[in-house]
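Here's the structure we're looking at; comments come further down.
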Amino acid sequence: MVTHRGIGTTASLALLLAATWSPAGADDDALARANRVLSNTILVDGHNDLPIAIRGYAAAPGDVDAYDLRGTVPGQTDIARLRAGHVGAQFWSVYIPGELQSGQARMQLEQIDIARRLITKYPDVFRLAGTAAEVRAAHRAGRIGSLLGMEGGYGLENSFAPLRAYYDLGVRYMTLTHNSHTDWADSAMPATPKFNGLSPFGEQVVREMNRLGMLVDLSHTSADTMHDALDVSKAPVIFSHAAARGLVDISRNVPDDVIARLPANGGVLMVTFVAGFVSADAANVLFPAMKEFYASSPQTASADERRAMYEEFKKNLVLPRVTVGDVADHIEHVVKLAGHDHVGIGGDFDGNDLWPEGLSDVSMYPNLFAELIRRGWSDRDLAKLAGENVLRAMEQAERVARELQKSTPAASSISRDGK
């Protein structure tokens, strides 16, 4: 979920980066090989915001039937394009904004409900999965293994009971923060930290996630929170949708010293496609423009007024060209620091409307794999990137959970202030 979600936009077809992208050739050998590789492995995308796009669907908010994935939709995800992109498993993001002052648990449950109804509506396409083995079984049956990932820990409301309930409903990762601090963990976005990482209660949250078998997602968190979580976690962590700060120096991206810790932890950085995260030139235009937009937008404006202002803002925004190669650069930067076993894919489709050319919807994953093939990647390493790495991390987390459940009772403390 990209930063501008906070101003109330829904997923959009607006692609501000320009005209039609043309690969080296639709019949080029690298693209043909990419399609063969993806036909024989499980491509697991770490983050797709389709549930919140459906919740905000202007024509019929929250109506899973009206947002027909077999037809034409306003966003970047539908069944035909999922199949064309060889998507084998998807973490569907169930997102709530940190800025929400009340009703966090309610909104979290509404998102989970939308995601589960979406999966149920198309049983020939999707299958709910809770383990790596279930993802593999779904793939063998020709289904897209569907997992849920909570974006932002606000829905816990500082209690472990909701965490366990969300796990029982199918949530298999939780992003500790979004763009604002939780009561127990620092986000990457605010200028002033709250705890300089995790509070003691936040450390307990990580331990209870380990005990449950829920992956700790460190996207959106501060660098101090990343390091604290790596210190505490007994299971692999993930970044469900992030990029490398060594290439694009913004707080939302992952520092090199954190990436270098992934081999010891077993974790996986799933590289996002968001244009402003993967291109320094785009970031240098986008983020100052967005800061100015927020500063000039009247706080008293209604949601409809803010949406109209944002659409006008987009019309006047011109970004430098961003390409598939920019995303490939981030993948190779992670590999340089952590190795081929610790990188994956986390597009962030339907949570953003600023894409590289050639990576603007879920049909386009083969373009990225073709680029890596041109750079000399082996089929084995492509398969790791596609999904084997994150499935291995899931399997490790499941083993840790089984061991912890033999010796560690469920966490019982409740914090009023997250400390």
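Remarks
- Residue satisfying all of: in the range 140-160; surrounded by fewer than 21 Cβ atoms within 10 Å (Cβ to Cβ) and without any contact (Cβ under 8 Å) to a residue 24 or more places away in the chain; nearest to PHE349 (Cα to Cα) among these: GLY142
- Among residues of the range 87-110, those that are under 18 Å from the mean Cα position of the chain (by Cα) and either under 22 Å from ASP63 (Cα atoms) or at pLDDT 90 or above (or both), counted: 12
- Strands (runs of 3 or more DSSP E) contained entirely in the range 55-156, each with at least 3 residues that are under 27 Å from ARG399 (Cα atoms) and out of contact with any Phe, Trp or Tyr (no Cβ under 6 Å at 6 or more places or on another chain): 87-95, 126-128
- Among residues of the range 216-263, those that are among the aliphatic types (A, V, I, L, M), surrounded by fewer than 24 Cβ atoms within 10 Å (Cβ to Cβ) and closer than 15 Å to VAL334 by Cβ, counted: 3
- For beta carbons closer than 6 Å, sequence separation of 6+ or different chains, a first residue in the range 163-179 that is over 18 Å from GLY98 (Cα atoms) and a second that is β-branched (Val, Ile, Thr), the qualifying pairs are LEU169/ILE112.
- The range 59-85, residues that are hydroxyl-bearing (Ser, Thr, Tyr) and either within 15 Å of ASP49 (Cα to Cα) or touching a Gly at 6+ places or on another chain (Cβ under 7 Å) (or both): TYR67, THR77
- Number of positions in the range 372-381 that are surrounded by fewer than 21 Cβ atoms within 10 Å (Cβ to Cβ), in contact (Cβ under 8 Å) with a residue 12 or more places away in the chain and part of a helix (DSSP H, G or I): 3
- Of all the criteria given as (1) surrounded by fewer than 21 Cβ atoms within 10 Å (Cβ to Cβ); (2) more than 30 Å from ASN40 (Cβ to Cβ); (3) touching a helix residue (DSSP H, G or I) at 6+ places or on another chain (Cβ under 8 Å), the one not satisfied by LEU118 is (2).
- Scope the range 88-109; condition among the hydrophobic types (A, V, I, L, M, F, W, C) and surrounded by 24 or more Cβ atoms within 10 Å (Cβ to Cβ); matching residues: ALA89, PHE91, TRP92, VAL94, ILE96
- In the range 326-349, the residues that are in a helix (DSSP H, G or I) and of a type in the set (A, V, I, L, M): VAL327, ALA328, ILE331, VAL334, VAL335, LEU337, ALA338
The values are calculated or read from the model by the stated rules, or taken from the named source; none is laboratory data. Source: prediction; values computed, not measured. Positions of Cβ are generated from backbone atoms using ideal geometry, with glycine treated the same way; all protein chains shown enter the neighbour counts.
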